[in-house]
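Quick notes on the structure that follows.
Rule-based calculations on the coordinates, nothing more; no lab input. None of the values given here were measured: they were computed from a predicted structure. Reconstructed Cβ throughout: ideal geometry from the backbone, glycine too, with neighbour counts over all protein chains shown.
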Amino acid sequence: MQNINFWDAHTHIHFRNYDEDRDEALGRAFSAGVKMITVGTQASTSEGAIELAKKYPGQVFAAVGFHPAHFASEWHHDENEQEDPVPEIFDKDKIKELALAPEAVAIGECGLDYFRVSDDETKEKQRAGFIEQVYVSHEIGKPLMIHCREAFGDLIEILEAHRDYLLEYPGVIHFFSGTAEEAEALLSLGFSFTFGGVITFARDYDEAIKFLPLENILSETDAPYVAPVPYRGKRNEPSFVVEVVKKLAELKGVSLEEMASAIDGNVRRIFKIEV
Ligand SMILES: [Zn+2]
């Protein structure tokens, strides 16, 4: 497997979880042939993503954005992300400024997350903040890295209404959990889809994976969250993405080499990465 290029297209290896052993975890990824996009969730963690990408040029790239869960009035303090229990306020100009860094290859994670959100005010804030980030993508020509949970109807409506602001390869839907019809609507807008560890132990995603063309499938870990079999329950890390690509290959009925090479091409095309 030495010559195969793998991609963890959505990870958070710059998060605090890896402060003790980040270089070792990255070393395991690089020796398995894994390159990655490490994803910010607000301005502070987006800065962290850029810093790490600067340290490992050609192997680690950054995504810069403001996660929908951070718009919630009952903001959940994720200690993986930040030590300080103080929510950050969305600032489009700040996100745009960070996204201009050459290390940044995408705007995200951004999107909608209605899981555990009951009030319309928070949902409206999320929608407005997401639309601002669609504009950032358009203004600087970098694709979207979208997070969407229990909000695919609104997501598709916003994207269709802002069709003119989407790039030729508009980006990816990370950790896709929608239906086949929703996949079709997003596919027709030009989007691709990243799948992670959950596909190794849940069968809910098989139908969407089988339906999607190889040119629209990418692999991710979303580390430190949701490790694949056989690492379930452990802290996830980018080297584990190999297990995800194995499962994708099995579901698509292609060899591991073919699957990895399709993903490699997809990452380079969508994120305009040349390495
Ligand atoms: Zn994520």
From the list Val64, Val105, which residue is surrounded by fewer than 24 Cβ atoms within 10 Å (Cβ to Cβ), among the hydrophobic types (A, V, I, L, M, F, W, C) and within 19 Å of the chain's Cα centre (by Cα)?
Val105
Do you know which residues across segment 110-144 are in contact with a Ser or Thr (Cβ under 6 Å, 6 or more places away or on another chain) and within 15 Å of the ligand (Cβ to nearest atom)?
Leu144
Return only the number of the condition from (1) exposed (fewer than 14 other Cβ atoms within 10 Å of the Cβ); (2) touching a Lys or Arg at 6+ places or on another chain (Cβ under 9 Å) that Asp204 does not satisfy.
(2)
Among the residues that make up segment 210-226, is at least one of them surrounded by 17 or more Cβ atoms within 10 Å (Cβ to Cβ), of a type outside the set (Asp, Glu) and over 18 Å from the mean Cα position of the chain (by Cα)?
no
Over segment 109-134, the set of residues in contact with a Cys (Cβ under 9 Å, 6 or more places away or on another chain) and either part of a helix (DSSP H, G or I) or farther than 23 Å from Phe193 by Cβ (or both) is Gly129, Phe130, Glu132, Gln133, Val134
Of the residues in segment 170-186, those that are more than 16 Å from the ligand (Cβ to nearest atom) and surrounded by 18 or more Cβ atoms within 10 Å (Cβ to Cβ) number 6
